[in-house]
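The values are calculated or read from the model by the stated rules, or taken from the named source; none is laboratory data. Because the structure is a prediction, the values reported are computed rather than measured. Every residue, glycine as well, gets a Cβ built from its backbone with ideal geometry; the counts of neighbours run over all protein chains shown. Ligands, DNA and RNA are stripped out before the accessible areas are found, and what is left, the full protein with its side chains, is counted by its heavy atoms. Shrake-Rupley method; radii C 1.70, N 1.55, O 1.52, S 1.80 Å.
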Amino acid sequence: MFRGVARFAQQVCRDPDMTDRDTILLAPHQQYKKYQIFPLKLVLHALAVLFITTQAVMISVEFIPFNRANDETFRAVFLEPKYLEGIYSIKDCQDAIEYVVENYYTFPNTSVNRYEHLRDPETAKPLPVQLVVFRYKHLDGPFWNHSILNPLHSIDDDDFDGNFKIVESQPPYNLTQEKPLGPLNISTENYLLQDAFYHIVEMNLLFSFRTVNVGPLAT
């Protein structure tokens, strides 16, 4: 047995008398067949790939339940049940945004799990909720400008003019406890707010919490 191990070590460690052409063109198994050179590098690479893949799968198995639990928590806390089917009015949209912003600032103080706001390094205050708006670049036709459309005006094709390229608000709007609606803090009776909503394609609320997955230590 020891002789076999020694012979194997000699084959692995010996300096092969192999031509440059064969070094480049022959596959590891062909080099082994022709020169009896064990493909050590190939085996080490395969073991490294296997090890990394195993580690990735183990991490994934651990974090998938954790991420799913966070998703379910955020859905329950920040999405009011009455809006699950959709939002159909400007007032509902304003109420939903205020609901999210209010819960964002109070959630760490009421959650059964440990969540912490990310904070501004200069003021130590929680980072604000960011409102990102995707909208049409501009809508020129009278049809889109409720405030200037004459009720007696007969709508024609020219009234729908506009540049329908979608642009993103830069920078995002900061929503704070004092101003939870940001630029949308306008009365729903104001036609300017209605005209603004005609331009909006999509709105995203962005915020982050710091938490930790303690895994088995939580049981």
By residue number, the members of the stretch 164-177 that are open to solvent by less than 90 Å² (accessible area, probe 1.4 Å) and either in a loop (DSSP other than H, G, I, E, B) or at pLDDT below 85 (or both) are 169, 172, 176
In this structure, does residue 97 turn out to be in contact with a Cys (Cβ under 9 Å, 6 or more places away or on another chain) and either in contact (Cβ under 8 Å) with a residue 60 or more places away in the chain or within 17 Å of residue 175 (Cβ to Cβ) (or both)?
no
Candidate set from the stretch 81-117 (those that are among the hydroxyl-bearing types (Ser, Thr, Tyr) and in contact with a helix residue (DSSP H, G or I) (Cβ under 7 Å, 6 or more places away or on another chain)); member that is surrounded by the most Cβ atoms within 10 Å (Cβ to Cβ):
115
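Condition check ((1) at pLDDT 75 or above; (2) among the charged types (D, E, K, R); (3) surrounded by 11 or more Cβ atoms within 10 Å (Cβ to Cβ)) across all residues:
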{"position": "9", "(1), (2), (3)": "no, no, yes"}
{"position": "12", "(1), (2), (3)": "no, no, yes"}
{"position": "30", "(1), (2), (3)": "yes, no, yes"}
{"position": "36", "(1), (2), (3)": "no, no, no"}
{"position": "44", "(1), (2), (3)": "yes, no, no"}
{"position": "54", "(1), (2), (3)": "yes, no, no"}
{"position": "57", "(1), (2), (3)": "yes, no, no"}
{"position": "61", "(1), (2), (3)": "no, no, no"}
{"position": "68", "(1), (2), (3)": "yes, yes, no"}
Could you give me the residue pairs with C-beta distances under 6 Å whose first residue belongs to the stretch 22-35 and is within 17 Å of residue 46 (Cα to Cα), whose second residue is open to solvent by 40 Å² or more (accessible area, probe 1.4 Å) and at pLDDT 75 or above wherever it lies, and which are 6+ apart or on separate chains?
28/42
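For residues that are aliphatic (A, V, I, L, M), open to solvent by 60 Å² or more (accessible area, probe 1.4 Å) and within 23 Å of residue 128 (Cα to Cα), tally how many sit in the stretch 187-216.
3
Which of the residues that make up the stretch 118-148 are exposed (fewer than 15 other Cβ atoms within 10 Å of the Cβ) and either within 30 Å of the chain's Cα centre (by Cα) or under 23 Å from residue 205 (Cβ atoms) (or both)?
Residues satisfying the conditions are 118, 119, 120, 121, 122, 123, 124, 125, 134, 137, 138.
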Give me the pairs, please: first residue somewhere in the stretch 104-118 and closer than 22 Å to residue 179 by Cβ and of a type in the set (A, V, I, L, M), second residue anywhere and modelled with pLDDT of 90 or more and surrounded by 11 or more Cβ atoms within 10 Å (Cβ to Cβ), beta-carbon distance under 7 Å, and either six or more positions apart or on two chains.
118/127
Within the set of pairs 6+ apart or on separate chains, which have a first residue in the stretch 167-184 that is farther than 18 Å from residue 119 by Cα, a second that is open to solvent by 40 Å² or more (accessible area, probe 1.4 Å) and not hydroxyl-bearing (Ser, Thr, Tyr), and C-beta atoms under 6 Å apart?
167/137; 168/134
Checked the stretch 156-185 for anything more than 28 Å from residue 74 (Cβ to Cβ) and touching a helix residue (DSSP H, G or I) at 6+ places or on another chain (Cβ under 9 Å); matches are 158, 159, 160, 161, 162
Test: residue in the stretch 45-53 that is among the hydrophobic types (A, V, I, L, M, F, W, C) and touching a residue at least 60 places away in the same chain (Cβ under 8 Å):
no
